[in-house]
Every structure is written in structure tokens, then in C-alpha cells.
Amino acid sequence: MIRVENLVKAFGAKRAVNDVSFAVERGEVLGFLGPNGAGKSTTMRIITGFYPPTSGRVTVGGFDVAEDPIPAKRLIGYLPENAPGYADMTVHGFLGFAADLRGLTGDAKKKAVHKAVETCSLEGVLYQTIDTLSKGYKHRTCLAQSIVHDPDVLILDEPTDGLDPNQKHEARSLIRRMGANKAIVFSTHILEEVEETCTRVIIIDRGSVVANGTPAELKGRSEMAGAVRVTVAGVAGTAVADRLGAMPGAARAEPLEDAGGRSTVRVYPKTRGAAFTAAVAQAAQAAGWQVEALITEEGRLDDVFRAITLPDTVKRGHGLSA
Amino acid sequence: MNAWTNIRAIVKRELGGYFSSPVAYVFLVIFLLLTGFFTFTIGNFFERGEASLVSFFTWHPWLYLFLVPAVGMRLWSEERRLGTLELLLTMPVTTAQAIVGKFVASWIFLALALALTFPVWITVNILGSPDNGVIFAGYIGSLLLAGSYLAIASMTSAMTRNQVVSFIVSVMICLFLILAGFTPVTDLLVRWASPWFVDVVASFSVMTHFDSFQRGVIELRDVAFFGSLIGFALFATGVIIRSLRAG
């Protein structure tokens, strides 16, 4: 549905987006990750036709967004960053306006507005003006606007920003539900959100795609992935770490916790695989420890995220202070 | 047609925006009070002893100078400030449709304000028998004048997200358009510039063209002047908005 090819966007000398390519098909939920200022919003603005690209091409449903914007825009629902809305309009009026511009009239319009209101639980504030809404409601109003025409493509710029934990949960399950028959791109800072909702993740840093894969694949890139965490009762953490670290397949072992007569140690393998977990279990048995827990780590997305994007951020930080 | 439904939706929203806030009512009251004050007190409507609305229309270029930019200043700067510009322009509407829709809505609002001055027309018809054709031409001229100022306000509004800046810049441009043909200024110009130059400058002025409407003459070249001024300013609005997005 969405095809982004060698996208470049320059603001003056600065390249906000630098040679970004990816594609999103129907049924996919693509999580867009990256530090602030990485070019996430700029990319989304180009996909939705707000910014023309400096070079490269974006097609939505086969229509070139820069050359044939109107049919492309018809397919897209867009929630911009900070969820803007006309301050002096009521929620109902605002959604009606969005439906008008989407070409909905009469009964179809009424039904569409009603459905969007229901989906985003806005019944209670329907006749309140937007400037009187709380941040959460404002966000949901703008989200309702983006889905009023049941678009094939949804572009959501930080859709859960400013929502409370319950609302976040609702928004995520809504995105997951809608993702079944739409192509969705959403950006976020919250990594657990990505694990929970996305079928694929793109990490973008300083305008370039630095990682692209399923959440599981990315987690697998974590140093921690495949490591084994063992909790043993009655043995000191350092003793456990020494013994397990000396195993032939182990790269190193580190004690994590040592309290209340039980210690937890994480052992990193030289090569990942189920065999390593078994080897650790055997070693623990051979040592005669009372093993309380033995867990193979999946890896953590935030580790991967930091590993990929942090060095640059640090460099930039030095640049600023110099 | 699709373009019309889009423009109509935008016009409807904009007009709704005016009347859902006190802005519209404050503006209407002030406009009517000021027209009354200028017509009857400063314009010496009664002392003139003639059945015409000359003292009414004479003041419109000056009155609009401040009131029309006040109506137009929020057109685009508000959208930029709220971030709704991004929303509007990612809808399946063209920039041109959005510009025309917003302009037409404000123009309708100004037309409404102008229409509400009908008691002046009734008064002059009760007191005497004026040439209603001349008065009609005057109203047409006044509406075109308001439209021209409004298009300029639309242009300056697109330049900035600050409404005050937008207001001041459009007042300055409108003031220039008045002064270029204002008799004291043209008299000054004549002293050092050749007459043809003075004529060229004066022909850019709204005063020169507005005057003929007041005399009851609707001439094609005057209508074309205001029309092209509106067209140019709206086109410039489009260029400014495009450059905003191009970054």
C-alpha cells in the first residue's frame, strides 16, 4: 500500500530525511522508532503529502503522493503530531467537517461520524468545543478524524502521546485491531508499545533507516538475547558466576542480585541456541545447586534501540557542549 | 463537482467559526457603529442636504483599512499556530480550494456586515429620492474594495503564525494602496515626477477605482482592477503556503 523509495528531504543544508526506503502492505502495522529529531515526523509528513520530497518517491495505493496527491490522500487517514484541532469547533462539528472533506454526505456521513465517535469513546464530549477538552480527549478527537472515512492507510504520529495508561492500552488494541485490514504506520517513543502492536519495526536515526525487521528479529540483535538467567538458593552470586562463566560455551557471567539467601546470575553464550540453555541447566545440576528459576532471555528492544542510536546521540551531545 | 463540495465544506466551517466565537458580533457592532458615526457626524450627512450616500461610502476605504485586516488576519496564521494547517492540507483538498474557501467565507461575512447598513439606505430614501442605481454601484464598489483588502490580509496571514504581525503588515499594504491615489499624495508626487508616472502610480490605488463606483459608474476596468488584485493576492497566498511546505 505504501511504498517509500530513496526519500530525501532537505531543509536548507540539513538533511532531515536521508535516503529512506521501505514498504508497508495491508495487514501490517509498522512501528516507527527513533530519537527525537530523527526524521520520523518529516517522513510521515511526506507520506501524507504535506511536505513535497526533495527527491525520491512515495506512492500510496499506487498513486504518487507528489504528482497525484488527491487520490493518494483519499486513501490516507492522518493523525499529526500533537493532535491539532480547530479550537472553536465542537467535537461533533469537527468530525462532520472531516467527513465533508472526505466526500461523505447524508446518511453515510452520519454513520461514519457515529462510528468514529464510538470507536474513540467520544460520546461524553460530543458537543464540547475542542479547546475545552483534556489532552487525552483532544488526542482521541483527532484520531477519530483520521478514521472517519475508514481509510486503507493510517499514518499516526505518536498516537498514544498524552494518554493515560488505560487509554494507551485501548489505543494499542485499537491499532492492532485496525491493523488486520489496513496498512498502518505509527511512530512512538514507547518500546513496549512496539512489541505489543507492531508486525514490523523500523528504527530511524538522523534521517536514515538503521534497522528494519520484526520485533522478535530486532530483539534478537540484543546482546542479551539467548543469555540465561539462573536463580539459585543458598549459594553466593559470585561463586555461581565463576562456575558458569568457566563453562566452555559461556562468554561471561555476571551476578545480578544476591539477597535473601538466593542469588541471580546471567550467563552470556558464545553462540546462541537452545543447547546453551541446556548446558547451563546441566552445569547447575552437576554443581548440586538448588535451582529456583532458569530463564532464556529474549533480548530487550530498548537495548537494541540504545545500541543503535545512542553512540550518535552521545556524539551530538559533545558537539553541543564544545 | 468535487471542488465545489470541498470549498463549500470549508466555507461552512469558517463561517461557523466566526459565529461560534464573539469575534463576529463584536466586529459587526463596531463596524455598524463606526459607519454610523462617520456618515452622520463626520460626514455631515444631514447638513449636506442631498439625497445620496456619498458621505457613507467616502469613509469605507479608511474604515476597511483597519477592520478588514482584523477579519482576515486569522485566516492562515491561526491554522499555522494550531497546527491544523497540516490537517487541512493532508485532506483530499487542493491548496487552491482551501484558499478560495477561506477567502469566500470571510468575504461573505463582510458582505453581511455591509448588508446590515441597510438602515442608512432606508433613511436616505425616506428623507429624499436618491438615485438608487448610484447607491447600488456604491455597494458593489465597497464590496469589491473589502474583498481586495481581505485578499491582501489572507496573503499576509499566510506569511506568519503571529496574527498581530499579519494585521500590521496588511494594514501597511492597504494604506499604500489608498495613498497611491489619495489626492494630497498625488499632489506631492506631481511636483517632482512626470505626469504619466503619477498616473501610473495612481492607477494602482484603490481610491481611483473606488471613486468611479461612487459616481454610479460600474466600469469593466475598475471591476477588473479589483478582480485582478484579489486574484493576485490569493495567488501569492498559494505561493507562500507552498514555500512553507517545501521547507
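Values in this text are rule-based calculations from the coordinates and carry no lab data. All values derive from a computational prediction rather than experimental measurement. Here Cβ is always computed from backbone atoms with ideal geometry, including for glycine, and neighbour counts include all displayed protein chains.
Could you point to the residue in A:ASN36, A:SER187, A:TYR86 farthest towards the positive end of segment A:2-220's charge dipole, with +1 and -1 charges on the Cβ of Lys/Arg and Asp/Glu respectively?
It is A:TYR86, whose Cα lies furthest towards the positive end.
Under a point-charge model restricted to the Cβ atoms of Lys and Arg (+1) and Asp and Glu (-1), what is the dipole moment magnitude of the protein assembly as shown relative to its Cα centre, in debye to the nearest 20?
Dipole of the protein assembly as shown, to the nearest 20 debye: 680 debye.
Does anyone have the angle between helix A:91-101 and the longest principal axis of chain A? Alpha-carbon axes, 0 to 90°, nearest 10?
Value to nearest ten degrees: 70.
Just how far, in whole angstrom, is segment A:107-149 from segment A:212-264 if you go by their alpha carbon centroids?
Segment A:212-264 and segment A:107-149 have Cα centres spaced 49 Å from each other.
Which lysines have a Cα less than 24 Å from the Cα of A:LYS14, not counting those fewer than 8 places away in the same chain?
A:LYS40, A:LYS315
Calculate the length of the line joining the C-alpha centroid of segment A:32-66 to that of segment B:136-183, in whole Å.
37
Exceeding 28 Å between C-alpha atoms, which entries from my cross-link table qualify? They are A:LYS110/B:LYS12; A:LYS168/A:LYS270; A:LYS115/A:LYS138; A:LYS168/A:LYS219; A:LYS135/A:LYS182. Can you show the working numbers first?
Details: A:LYS110/B:LYS12 17 Å; A:LYS168/A:LYS270 39 Å; A:LYS115/A:LYS138 17 Å; A:LYS168/A:LYS219 23 Å; A:LYS135/A:LYS182 26 Å.
From A:LYS110/B:LYS12; A:LYS168/A:LYS270; A:LYS115/A:LYS138; A:LYS168/A:LYS219; A:LYS135/A:LYS182, over 28 Å: A:LYS168/A:LYS270.
Could you list the residues of segment B:60-74 with an amide nitrogen less than 19 Å from a label point located 7 Å from the Cα of B:VAL165 in the Cα-to-C-beta direction?
B:69-74
Sort out the exposed loop trypsin sites (Lys or Arg not before Pro) in chain A (DSSP loop, at most 16 other Cβ within 10 Å) and tell me the longest stretch that has none. Write out the running numbers ahead of the final one.
Details: sites that count: A:ARG26, A:ARG221, A:LYS270, A:ARG272.
After excluding every exposed loop site, the longest remaining stretch is A:27-220.
Which Cα, out of B:VAL201, A:LEU101, B:ALA113, lies furthest along the positive dipole direction of the protein assembly as shown (beta carbon charges, K/R +1, D/E -1)?
A:LEU101
Any idea which of B:LEU67, B:GLY231, B:LEU89 is furthest toward the positive side of the dipole for chain B, if Lys and Arg beta-carbons carry +1 and Asp and Glu beta-carbons -1?
Sorting the options by dipole projection puts first B:LEU89.
Per residue of chain B, what 222 nm ellipticity follows from adding -39500 (n - 2.57) for every DSSP H run with n ≥ 4, rounded to the nearest 500? Could you put the intermediate results ahead of the total?
Working: 15 runs with 197 residues, N = 247.
Taken over chain B, the calculation gives -25500 deg cm²/dmol.
Taking K and R as +1 and D and E as -1, what net charge do the other residues with C-beta under 12 Å from the C-beta of A:ALA183 add up to?
Its environment carries a net charge of +1.
Once the Cα gyration tensor of segment A:177-322 is diagonalised, what are the square roots of 5 times its eigenvalues, in whole Å and ordered largest first, as equivalent ellipsoid semi-axes?
Three semi-axes, in Å: 35, 20, 14.
Kindly give the semi-axes, whole Å and largest first, of the ellipsoid equivalent to segment B:101-247, taking each as the square root of 5 times a Cα gyration tensor eigenvalue.
29, 23, 13
Given 10 °C and 1.306 mPa s, compute D for the protein assembly as shown with the Stokes-Einstein relation, Rh being the Kirkwood radius over Cα pairs; round to the nearest whole µm²/s.
56
Might you report the magnitude of the Cβ-based charge dipole of segment A:2-220 about its Cα centre, with Lys and Arg at +1 and Asp and Glu at -1, to the nearest 20 debye?
Approximately 220 debye in magnitude.
List the GluC sites (Glu not before Pro) within segment B:9-107 that fall in a DSSP loop (any state other than H, G, I, E or B) and whose Cβ has at most 16 other Cβ atoms within 10 Å. Walk me through the numbers on the way to the answer.
Working: sites: B:GLU14, B:GLU47, B:GLU50, B:GLU78, B:GLU79, B:GLU86; in loops: B:GLU50.
When the GluC sites (Glu not before Pro) of segment B:9-107 are filtered for loop state and at most 16 Cβ neighbours within 10 Å, B:GLU50 remain.
Under the rule of -39500 (n - 2.57) per DSSP H run of 4 or more residues, summed and divided by the residues of chain A, what mean residue ellipticity at 222 nm is obtained, to the nearest 500 deg cm²/dmol?
-11500 deg cm²/dmol
Work out the length of the dipole vector of segment B:2-246 about its Cα centre, built from +1 on the beta-carbon of each Lys and Arg and -1 on the beta-carbon of each Asp and Glu, and round it to the nearest 20 debye.
840
So how long is each side of segment A:2-220 along the principal axes, counting just the alpha-carbon atoms, biggest first, in Å?
44, 38, 32
Which net charge results when you count Lys and Arg as +1 and Asp and Glu as -1 among the other residues whose beta-carbon is under 9 Å from that of A:PRO151?
Result for the local shell: +1.
What does the charge count near B:LYS102 come to, summing +1 for each Lys or Arg and -1 for each Asp or Glu among other residues with Cβ under 11 Å from its Cβ? Walk me through the intermediate numbers first.
On the way: positive: B:ARG13, B:ARG74; negative: B:GLU14, B:GLU78, B:GLU79.
Computed value for this residue: -1.
Apply the Debye scattering formula to chain B, with a single equal point scatterer on each alpha-carbon and no solvent, then give log10 I(q)/I(0) at q = 0.10, 0.12 Å⁻¹.
So the normalised log intensities work out to -0.52, -0.73.
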